[in-house]
1. Which angle between 0 and 90 degrees, to the nearest 10, do you get for helix 145-157 versus the longest principal axis of the chain when only C-alpha atoms count?
2. Using Cβ counts within 10 Å as a stand-in for footprinting exposure, how do C322, C93, C282, C63 rank, fewest first?
3. Taking 20 Å as the cut-off for C-alpha to C-alpha distance, list the pairs among K158/K308; K353/K442; K69/K94; K12/K58 that go past it.
4. Students often forget the sequence filter, so: which lysines lie under 20 Å Cα-Cα from K443 once same-chain residues fewer than 8 apart are removed?
5. Under a Cβ-only charge scheme (Lys and Arg +1, Asp and Glu -1), can you give me the dipole magnitude of the range 42-164 about the Cα centre, in debye to the nearest 20?
6. Per DSSP helix of 4 or more residues, -39500 (n - 2.57); summed, then divided by the residues of the chain. What does that give at 222 nm, rounded to the nearest 500?
7. Using a cut-off of 12 Å between alpha-carbon atoms, which aspartates and glutamates can reach K223, once sequence neighbours fewer than 8 places away in the same chain are excluded?
8. By count of other Cβ within 10 Å, fewest leading, how are L439, L313 ordered?
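What follows draws every value from the coordinates through simple rules; no lab data is involved. Since this is a predicted model, take the numbers as computed values, not measurements. All Cβ positions, glycine included, derive from the backbone under ideal geometry; neighbour counts span all protein chains shown.
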Amino acid sequence: MSDLRALPSVNKVLEQLSVQALIEHYGRDLVTEQIRKIENSLRQDPPARTPDLELVIKELEDCLLQIDKIKTNRVINATGVILHTNLGRAPLCKAAIEAINDQASGFQALEFDLERGKRGHRAEAAETLLTRLTSAEAALIVNNNASAMLLTLTALLKGKPVAISRGQMVEIGGGFRMPEVFRQSGAKLLEVGTTNRVRLEDYQEAINDGARALLAVHPSNYKVTGFTESPALEEITALAKSTGILSIYDLGSGAMLDTSQFGMAHEPTVQEALAAGFDLVCFSGDKLLGGPQSGIILGRTDLIARLKNHQLLRALRVDKICLAALEATLREYLYGRALTGIPVWQMIGRSQKSIQTQARYLQSQLGDGQLVPGFSTVGGGSLPEETLPTTLLSFSILPQKMLKLLRQGDPAVIARIENDQLLIDPRTIQPDEEEALLLSLKKSLAQLKR
């Protein structure tokens, strides 16, 4: 049985040189608190060996190391899914990262008009860039697209019927469902048509039944195929205008460029949605736009003004870091640098030859793996079932174990398994991650071959 009399005092532990080094890193208060917790635990549940100074310090180091690990880790995305929701969606462009560093390190005129010397509007710069880029009358930025829809329905249509096609009653990640948004906003849901077919007269019937808005939702994360029918967007907006009600478009992924130029299906762009005549268009900032997490609302000046004056907006507003990154991302589009400057579009636009060359280099450095043809996906609820051809580096040695070893490495590497093969897709590997990826792969392979 262990002798608790050998348990050192807290002060005795704090005096040790190794603990002094821990204090330098973690702070005296945290280290002291952890020592007390460890000693109380040892008193309540004595170990087999005598709890001496060495044991307490070892326990202390282990506890503090676990605290160090409480963080969101950067990972290498080797899955080939460009907008991987679980991995943070769009990586930011270099210009956005530089803007964050610049703005976060000091004060900024976030809500201060330098010309007038008075309080200004928080997101004025980013909103000005959005209207210039899209020709929208006005813009508003909130913290994500779900917030954009919630604010729009709450501020403009609370207690009023809103018509939406049954085939567009979407659910996105995390169980976020359109009917729930309606319930939270207080707007009344009017379903029109059937799951696969909706006609313009269905919307007209909803208007006859009292609908005060027509809501179109782009099916960005699913497809309805086969025996389908739906009116053109221009027909929906024309009907809304002719009857004096609102038309709103939940565009979702927020593409500013034509995806068909990369051999994929055409994803409706923000500019096309506005040109179709919608009063308001809502979309995400961290999907195909390639910016930080945010929700963007574009459209009529009078409607945007009502949204800006609603009390809910303060709960949904974005911070200075998000705005700095969004402004920089929008400038890449405005200056014609989206394809070369924004990682999402760099990955989408990568040539097969470039990917194959990188895959061969990885294989040559490892002396292992097989090159096989495959496909990458956009992900993030964008372009469902659309793929991009790629070259994969494939490993057959204990794929599940290798997947775990890579995931638990430093840095963590996230790969995928298909047909009992572990696959590395170079498309989503950032240029500065290649050497770290090779190191992780080498370590994992060495452990598997022991």
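1. Approximately 40 degrees, to the nearest 10.
2. Placing the least packed residue first, the sequence is C63, C322, C93, C282.
3. K353/K442; K69/K94
4. Within reach: K401, K404.
5. Charge dipole, the range 42-164, about its Cα centre: 560 debye, nearest 20.
6. Rounded to the nearest 500, it is -12500 deg cm²/dmol.
7. Cross-link targets: E385, E386.
8. Ascending number of Cβ neighbours within 10 Å: L439, L313.
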